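As C-alpha cells, the structure follows; a few thoughts come after it.
The values are calculated or read from the model by the stated rules, or taken from the named source; none is laboratory data. Keep in mind it's a predicted model, so treat the numbers as computed, not measured. Ideal geometry is used to build each Cβ from the backbone, glycine not excepted, and the neighbour counts take in all protein chains shown. Ligands, DNA and RNA are excluded from the accessible area calculation, which covers all protein heavy atoms including side chains. Shrake-Rupley method; radii C 1.70, N 1.55, O 1.52, S 1.80 Å.
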Amino acid sequence: MIQSKETFNKTLNEFLNEANLQPKLSEQEENVLLPKMSMKTEEGKACIEKIVKANMRNIISVARLYEGKGLTADTIIKTCLFCLYEAADRYEPSMGYRYLILAYGYMHWHIQSAIRNKNRQLLDRIFNDSEEDETKA
C-alpha cells in the first residue's frame, strides 16, 4: 500500500512531536551513558532507554529518505525504533565509532531489506498470476 504524501507527513509530524518531548543529551551525558549500555543490569537498561529516547528525532531524517518507496511512515518509524535498540545492544565503545552511526547503518539496511522483500512479493504475485493465466489457456 502506497501512502499519500499528506498521510506520510502527518504521521512523521505526530512522531516528531512525541520525539521532541524527549530530552536531548549533551555529548558529555552521552559519553557517560554509552559505556553503561552493555551492562546487563537495570542501570544498563535505563541507559539504553535514555539513549534511544534521546535519538528518536533522528528517525525523521531517515524516514524522509524512504518516502514513496512502498513502505508506510508507521512501518519505517517502527523499523527505525527497532534499529535504535539493536544498535544499543550491539554497540561497543572500544571500537571507536559513534552509536548513531551504527544505528543509521542498521536503519538503512533493515528498511532497504523491507523494500526489497515487498518488491519481491509483488513480483511473485505478478508472475504467479501470469503462470495461472497460461495454464488456463
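Could you tell me which of the residues 107, 56 is at pLDDT 95 or above and either under 30 Å from residue 123 (Cα atoms) or under 14 Å from the mean Cα position of the chain (by Cα) (or both)? If you could, list the steps in order and put the result at the bottom.
Working: 56 fails: at pLDDT 95 or above.
Criteria check complete, one pass: 107.
Can you name the number of the only condition in (1) over 30 Å from residue 39 (Cβ atoms); (2) modelled with pLDDT under 85 that residue 93 fails?
(1)
For the stretch 1-36, which residues satisfy the criterion of being within 23 Å of residue 68 (Cβ to Cβ), open to solvent by 70 Å² or more (accessible area, probe 1.4 Å) and part of a loop (DSSP other than H, G, I, E, B)?
1, 2
Report, ordered by the first and then the second residue, all pairs with beta carbons closer than 8 Å, sequence separation of six or more or different chains, a first member in the stretch 103-121 that is closer than 12 Å to residue 66 by Cα, and a second member that is hydroxyl-bearing (Ser, Thr, Tyr).
Once the first residue is closer than 12 Å to residue 66 by Cα and sits in the stretch 103-121, its partners that are hydroxyl-bearing (Ser, Thr, Tyr) give 107/79; 110/79; 111/66; 111/79; 114/75; 114/79; 115/66.
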